[in-house]
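S.K.: After the structure tokens below, expect a handful of questions from me.
The values are calculated or read from the model by the stated rules, or taken from the named source; none is laboratory data. Computed from a predicted model, the values in this text were never measured in an experiment. Please note: Cβ atoms are built from the backbone with ideal geometry, for glycine as well, and neighbour counts cover all protein chains shown. Protein only, heavy atoms only, side chains kept; ligands, DNA and RNA dropped before computing areas. Shrake-Rupley method; radii C 1.70, N 1.55, O 1.52, S 1.80 Å.
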Amino acid sequence: MPYEGFEDHFTKKVIISVATTGGLHGKEANQNLPTQPQEVAADVAACESAGASIVHLHARDEADRDTKSVRRFQMLRDAIEEKCDNIIINFTTGGAYPREERLRPVLEVEPRPEVATIDIGPVNFGQDTVREYCRAQNEEFAEKMAEVGVKPELEVFSPGHLTEFNHLVEHDYVEEPYWASLIFGMQTGTLPRPRNLINLVDNLPDGTEWQCVAVGKYQLPLTTIAMTLGGHIRVGLEDNVYFRQGELAESNAQLVRRSATIAEELGRPIASPADAREILGL
């Protein structure tokens, strides 16, 4: 099982991912949200110094709108390469775009990202929008990522998505160690309760490394619980624009620093990018 108790708690290194920008809210939610390539790159460099070993990236156009433009992803990639030491690059393939458009940046940006997400089941947004991520897409994305040496990060929004996770595992579309994001607090994300985190972890296939992603006010408590369970975590302004109740976060690095401090207090060593590559088999 992915959770086997506390025997390695003080030796297992915790990977801190940072989701800097996202594709939904903009600076109207928090003026410190980085959106343009140089702004994002400076932010990512500060996050790397604070303890982040992976950065999860969405691209924005010149007007700060979400985009799947290969050119804009390339600009992001190049700016981060300039400013950062060794952080692992992770591209999103989510969003309300045609399937081929969502995958193109992963396949065409050079150098390619080391990791890219696959949203493995449908997700509701707002009153009348459903993003219809399906099994055929999961298989296609996993196959094409394998062809170019990109590690899939399987995004589990609800317990039913574990059926699709197991399908990919059982049919050899993904290789160990499998990399899972367990997502809480979104509209059709898993209900943000500690017992639900434990239940998801208990139902992951053997050979899975996992991180907790929690939205808004749930980010801090659930990621802290995840670290006590031996898991990894994702923080950042994509998921939560506040530092504490009523106080907007100053930066992504502020959120990373807090989680790194908590990890240290819990006795969990923080994974460097090199450590994270070893843990995830990159």
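S.K.: How many percent of DSSP beta bridges within region 1-149 run antiparallel, rounded to 5?
M.R.: Here the antiparallel bridges make up roughly 35 percent for region 1-149.
S.K.: Residues of region 170-211 with the amide nitrogen closer than 18 Å to a label point 7 Å from the Cα of Lys144, along Cα-to-Cβ, please.
M.R.: 173-174
S.K.: Could you give each residue of region 153-166 its phi-based ³J(HN,Hα) in whole Hz, using Karplus coefficients 6.51, -1.76, 1.60 with θ = phi - 60°, and x for Gly or Pro?
M.R.: Calculated HN-Hα couplings, in order: 9, 8, 8, 9, 8, 8, x, x, 5, 5, 4, 5, 4, 5 Hz.
S.K.: Note down the relative contact order for the chain as a percent, whole number, built from C-alpha pairs under 8 angstrom at least six residues apart.
M.R.: 26 percent
S.K.: For Lys27, give me every one of the lysines with a C-alpha distance below 20 angstrom, ignoring sequence neighbours fewer than eight places off in its own chain.
M.R.: Partners found: Lys68, Lys217.
S.K.: Please list, in order along region 53-59, the HN-Hα scalar couplings obtained from phi with the Karplus expression 6.51 cos²θ - 1.76 cosθ + 1.60 (θ = phi - 60°), rounded to whole Hz, x for Gly and Pro.
M.R.: Whole-Hz 3J(HN,Hα) from phi for region 53-59: 10, 9, 10, 9, 10, 10, 9.
S.K.: Direction-averaged shadow area of the convex hull around the Cα atoms of the chain, nm²?
M.R.: 13.2 nm²
S.K.: Put +1 on the Cβ of each Lys and Arg and -1 on the Cβ of each Asp and Glu in region 1-119; which of Cys47, Ala29, Ile88 then has its Cα farthest toward the positive end of the dipole?
M.R.: Ala29
S.K.: Let me ask something additional. In µm²/s, what is D for region 139-273 at 4 °C and 1.567 mPa s, where D = kT/(6 pi eta Rh) by Stokes-Einstein and Rh is the Kirkwood radius from Cα pairs?
M.R.: Once the numbers are plugged in, D ends up at 82 µm²/s.
S.K.: If DNA, RNA and ligands are ignored and the probe is 1.4 Å, what is the ranking of Lys12, Lys68, Lys27 by accessible area, most exposed first?
M.R.: Putting Lys12, Lys68, Lys27 in descending order of accessible area: Lys27, Lys12, Lys68.
S.K.: I would also like to ask the following. If you take the beta carbon distance between Gln254 and Glu81 as r and set R0 to 25 Å, what does 1/(1 + (r/R0)^6) give as a FRET efficiency, to the nearest 0.05?
M.R.: It comes out at approximately 0.55.
S.K.: Accessible area of region 21-163 with a 1.4 Å probe: how many percent of it is carbon plus sulfur?
M.R.: Result for region 21-163: 46 percent of the exposed heavy-atom area is carbon or sulfur.
S.K.: Among Gly26, Gly185, Gly126, whose mean-square fluctuation peaks in a Gaussian network model of the chain (Cα, cutoff 10 Å)?
M.R.: Greatest mean-square fluctuation among the candidates belongs to Gly126.
S.K.: From the backbone phi of region 177-182, what are the Karplus-calculated ³J(HN,Hα) couplings (6.51 cos²θ - 1.76 cosθ + 1.60, θ = phi - 60°) in whole Hz, Gly and Pro given as x?
M.R.: Karplus values, whole Hz, x for Gly and Pro: x, 5, 10, 10, 10, 9.
S.K.: Taking R0 as 35 Å, what FRET efficiency do you get between Ser69 and Asn166 from their Cβ-Cβ distance, rounded to the nearest 0.05?
M.R.: It comes to 0.55.
S.K.: Rounded to the nearest 20 debye, what is the charge dipole size of region 106-185 about its Cα centre when +1 sits on each Lys and Arg Cβ and -1 on each Asp and Glu Cβ?
M.R.: Using Cβ point charges on Lys, Arg, Asp and Glu, region 106-185 gives about 220 debye.
S.K.: Report the relative contact order of region 1-147, percent, no decimals, based on alpha-carbon pairs under 8 angstrom and at least 6 residues apart.
M.R.: Contact order relative to length: 18 percent.
S.K.: Give me the accessible area of Asp206, 1.4 Å probe, in Å² rounded to the nearest 10.
M.R.: 100 Å²
S.K.: Run the helix sum for the chain: -39,500 (n - 2.57) per DSSP H stretch of 4+ residues, divided by residue count, reported at 222 nm to the nearest 500 deg cm²/dmol.
M.R.: Value at 222 nm, helices only, nearest 500: -11500 deg cm²/dmol.
S.K.: Something else: Quick one: if the Förster radius is 25 Å, what FRET efficiency do Glu110 and Ser49 give, using the C-beta to C-beta distance and rounding to 0.05?
M.R.: 0.45
S.K.: Would you check the accessible area of Arg135, probe 1.4 Å, heavy atoms only, in square angstrom rounded to 10?
M.R.: 100 Å²
S.K.: Could you provide, to the nearest whole Å², the per residue accessible area of the chain with probe 1.4 Å?
M.R.: On a per-residue basis, 42 Å².
S.K.: About the Cα centre, and with charges only on the beta carbon of Lys, Arg (+1) and Asp, Glu (-1), how big is the dipole of region 23-124? Nearest 20 debye, please.
M.R.: About 300 debye.
S.K.: Please state the charge dipole magnitude for the chain, taken about the Cα centre, from unit charges on C-beta atoms (+1 on K and R, -1 on D and E), reported in debye and rounded to the nearest 20.
M.R.: Here the size comes out at about 740 debye.
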